[in-house]
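Before any comments, here is the structure.
The values are calculated or read from the model by the stated rules, or taken from the named source; none is laboratory data. In this text the structure is predicted, and so the values were computed from the model without any measurement. Glycine gets a Cβ as well: all are built from the backbone with ideal geometry, and neighbour counts include every protein chain shown. Keep in mind that these areas ignore ligands, DNA and RNA; they rest on the heavy atoms of the full protein, side chains included. Shrake-Rupley method; radii C 1.70, N 1.55, O 1.52, S 1.80 Å.
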Amino acid sequence: MQTLTVDVFLSVDGWAGSENSPGYFGYLGPELEEWITAESALPQTVVLGRRTYEALAALPEEARDASWRRLTELDKVVFSTTLETASWPNTRIRRDLLTEVTRLKRDGDLPLRTMGSLSVARQLLDAGLVERLRLMTFPLLVGRSGREPFFAGVSSADLEPVGHRALDDRVLLIEYRPTGGDIPRA
């Protein structure tokens, strides 16, 4: 059985982006870059939603770094009800997220990992298909300029911390293992 890791980059107040923030919220440093490179180098199948796929596949040449080139080499599964074809190499489109991810976990040769794709990540968490939730928390509050609150609409669940570290003395990476469904209420 293959594992599924959900990676989410967010602000302290839970936003996965803001109207005013550049990539990595402007906090890309050498340790974060090293972490991204190391994680991308691992054998994996990347799980993407349509919007993340379109954004990454359409990056202009000047923005295509080593991580982007590595992502091009990796096997990617894009979940969309509207896309018919994928132009990015090693990419296939599927419609039924939960059925396909369950099949890939059972029959696939490689661990699975999401990148971006917040709606996909939330659905996978709610379905109980995630073995690892990694939150890369950037040291800022984006407030009213925030877009895409990651935790909005996610079902309650218990999480067990399994690791943490600070990157570049400012970005906190916390890894959790989901341990079950709804949190019991008193």
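So here's what we get for this one:
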quantity	calculated
Residue in the range 84-94 that is in a loop (DSSP other than H, G, I, E, B) and on the phi > 0 side of the Ramachandran plot present	yes
The range 69-83, residues that are basic (Lys, Arg) and under 15 Å from Ser117 (Cα atoms)	Lys76
Search result, residues across the range 74-89 that are among the polar types (S, T, N, Q) and open to solvent by less than 70 Å² (accessible area, probe 1.4 Å)	Ser80
Long-range neighbours under 7 Å by Cβ, at least six apart or interchain, first residue closer than 17 Å to Leu74 by Cα within the range 92-105, second open to solvent by 60 Å² or more (accessible area, probe 1.4 Å) and not in a helix (DSSP H, G or I)	Lys105/Met1
Among the candidates Arg113, Arg106, Arg92, residue that is open to solvent by 80 Å² or more (accessible area, probe 1.4 Å) and either modelled with pLDDT under 90 or of a type in the set (Lys, Arg) (or both)	Arg106
Conditions (1) surrounded by 13 or more Cβ atoms within 10 Å (Cβ to Cβ); (2) touching a strand residue (DSSP E or B) at 6+ places or on another chain (Cβ under 8 Å); number of the one not met by Gly163	(1)
Every pair of residues 6+ apart whose Cβ atoms lie under 6 Å, when the first sits in the range 152-172 and is in contact (Cβ under 8 Å) with a residue 60 or more places away in the chain and part of a strand (DSSP E or B) while the second is open to solvent by 60 Å² or more (accessible area, probe 1.4 Å) and charged (D, E, K, R)	Leu167/Glu31
Residue among Leu133, Leu118, Leu97, Leu141 that is aliphatic (A, V, I, L, M) and open to solvent by 60 Å² or more (accessible area, probe 1.4 Å)	Leu141
Selection status of Leu110, touching a Pro at 6+ places or on another chain (Cβ under 7 Å) and part of a loop (DSSP other than H, G, I, E, B)	yes
Selection status of Thr81, closer than 22 Å to Ala41 by Cα and polar (S, T, N, Q)	no
Qualifying residues in the range 1-30 (those that are of a type in the set (Asp, Glu) and closer than 23 Å to Tyr176 by Cβ) - the one surrounded by the most Cβ atoms within 10 Å (Cβ to Cβ)	Asp7
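Matching residues to (1) under 15 Å from Leu4 (Cα atoms); (2) of a type outside the set (D, E, K, R); (3) open to solvent by 60 Å² or more (accessible area, probe 1.4 Å); (4) in contact (Cβ under 8 Å) with a residue 24 or more places away in the chain:
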residue: Leu32; (1), (2), (3), (4): no, yes, no, yes
residue: Glu39; (1), (2), (3), (4): yes, no, no, yes
residue: Leu42; (1), (2), (3), (4): yes, yes, yes, yes
residue: Thr45; (1), (2), (3), (4): yes, yes, no, yes
residue: Ala57; (1), (2), (3), (4): no, yes, no, yes
residue: Glu61; (1), (2), (3), (4): no, no, yes, no
residue: Ser67; (1), (2), (3), (4): no, yes, no, yes
residue: Thr72; (1), (2), (3), (4): no, yes, no, no
